[in-house]
Amino acid sequence: MNPKFTAVAAPGHRMSAHYTHDAMHLQQTTGQVTIRYADFKRVITQGDVVFLQPKGTQGFVVPGEVVPDAALTRLRGALA
C-alpha cells in the first residue's frame, strides 16, 4: 500500500461501519462520518486493508473487516 495513504484511525482504536441503501457510515472513536456511495471515486483492496477515496479527497485506508464482500460489491457498483 502506498505510504502516502492516510489511515483513518490509529492502531488500537475501534472502528465499525454500517451500510444503508445509499451510504457508508463509518464509526470510530473520534466520531462518525457518512459518505454516499455515489461520492466514491476509487475503492482498492490490498491484503487486509481497503483504500477508499471519496471524490475531492486524498482517500483513506480502513481495515478490511469493516468492509465485507457485500459492501465492496455495493461500493464498486456505485463507481460504474
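The values are calculated or read from the model by the stated rules, or taken from the named source; none is laboratory data. This is a predicted model, so every value here is computed, not measured. So basically every Cβ, Gly included, is an ideal-geometry build from the backbone, and we count neighbours across all protein chains shown. SASA here: full protein model, heavy atoms, side chains in, ligands and nucleic acids out. Shrake-Rupley method; radii C 1.70, N 1.55, O 1.52, S 1.80 Å.
Only residues that are assigned to a strand (DSSP E or B) and within 9 Å of residue 41 (Cα to Cα) were counted across segment 51-80, and they come to 3. From the list 76, 14, 36, the lone residue that is open to solvent by 60 Å² or more (accessible area, probe 1.4 Å) and at pLDDT 95 or above is 36. Quick one: in segment 46-57, which of the residues that are loosely packed, with under 13 Cβ neighbours inside 10 Å and touching a helix residue (DSSP H, G or I) at 6+ places or on another chain (Cβ under 7 Å) is nearest to residue 74 (Cα to Cα)? Out of the qualifying residues, it is 55.
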